[in-house]
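Enquirer: To start, I am sharing the structure in question, which I have written as structure tokens.
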């Protein structure tokens, strides 16, 4: 199943596998729904940011990944990377992906305004 391969390649930091699936036409902004993983409704960029896979994040951004696309719970790749202390990923998302720092966690940001 392509979705499972995509999930494994991205979440395990497999650079060659990620590049191969992108070349095969997998859409980098599609949402993955894999029950029991904790990543329901998450994009590949969200998974890579969560794992701290900076090189995968770079590849996904260069392939058109949306740095601001939130997961089903409203958190963005920037939010999850900062939450997990992945500073190199945070810097890449902001500088290269032009991630909106005000959109990092839609659910919480709206509550505090």
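Enquirer: Given N residues in segment 45-107, what is its alpha carbon radius of gyration divided by 2.2 N^0.38 Å? Write out the running numbers ahead of the final one.
Expert: Values: Rg = 9.8 Å, N = 63, 2.2 N^0.38 = 10.6 Å.
Its radius of gyration relative to the 2.2 N^0.38 Å reference: 0.93.
Enquirer: Output the peptides 87-98, 49-60 sorted from most to least packed, where packing is the average of other Cβ atoms within 10 Å over each peptide's residues.
Expert: On the way: 87-98: 17.4, 49-60: 22.4.
Going by the mean number of other Cβ atoms within 10 Å, highest first, we get 49-60, 87-98.
Enquirer: Now for a separate question. Neighbour counts of other C-beta atoms within 10 Å: give me 23, 103 arranged from fewest to most.
Expert: Values: 23 9, 103 17.
Ranked by crowding around the Cβ, least crowded first: 23, 103.
Enquirer: OK, next. For segment 2-111, state what percent of all Cα-Cα pairs lands in each successive 5 Å bin, counting from 0 Å until the bin that includes the largest distance.
Expert: Histogram of Cα-Cα distances, whole percents per bin: 2, 15, 27, 26, 19, 9, 2, 1, 0.
Bear in mind that the values in this text are calculations on the coordinates, not laboratory data. Keep in mind that this is a model prediction, so the values were computed, not measured. Positions of Cβ are backbone-derived with ideal geometry, glycine not excepted, and every protein chain shown enters the neighbour counts.
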